[in-house]
Amino acid sequence: MKIQLLYFDGCPHWSAMDERLRQALAISGSAETVDYILIETPQAADEYRFAGSPSIRLNGRDPFPTTSDGFGLTCRVYSTPDGPAGAPTVEQLLAAIWKFNTE
């Protein structure tokens, strides 16, 4: 599985996403590496169809699609069991990894 973590410099939540993603990968037993993609310009945000920071892609797809059509250097908010957050929970990431591993 190809895993990408997209973020912009100064994003306050990308390190939490990275830590939770690594925890989910460890729990799943996956030895996959994470490719980090720094989005630096609005043009790059458009090119990568960047829905906000932090974002992940599993096999090129966002496991947490948004309803927004806009792309840009913005913070992203995820719906979690505890309410809105800057990153999905470990459990949400684990579920996404398992789903994409079986496709």
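Each reported figure results from applying straightforward, stated rules to the coordinates on display, with no laboratory input. Note that the structure is a prediction, hence the values are computed from the model and not measured. Don't worry about glycine lacking a Cβ; one is built from the backbone with ideal geometry, like all the others, and counts go over all protein chains shown.
Screening Asp35 against (1) surrounded by fewer than 16 Cβ atoms within 10 Å (Cβ to Cβ); (2) part of a loop (DSSP other than H, G, I, E, B); (3) of a type outside the set (Lys, Arg) leaves a single unmet condition, (2). Only one of the numbered conditions (1) without any contact (Cβ under 8 Å) to a residue 40 or more places away in the chain; (2) more than 18 Å from Ala87 (Cα to Cα) is violated by Phe71, and that is (2). Within segment 57-101, being outside any loop (DSSP other than H, G, I, E, B), surrounded by 14 or more Cβ atoms within 10 Å (Cβ to Cβ) and among the basic types (Lys, Arg) holds for one residue alone: Arg57.
I'd like to check something: does segment 10-27 contain any residue that is part of a helix (DSSP H, G or I) and among the hydroxyl-bearing types (Ser, Thr, Tyr)? Checking segment 10-27: at least one residue is part of a helix (DSSP H, G or I) and among the hydroxyl-bearing types (Ser, Thr, Tyr). Only residues that are under 16 Å from Cys75 (Cβ atoms) and in contact (Cβ under 8 Å) with a residue 12 or more places away in the chain were counted in segment 1-19, giving 12.
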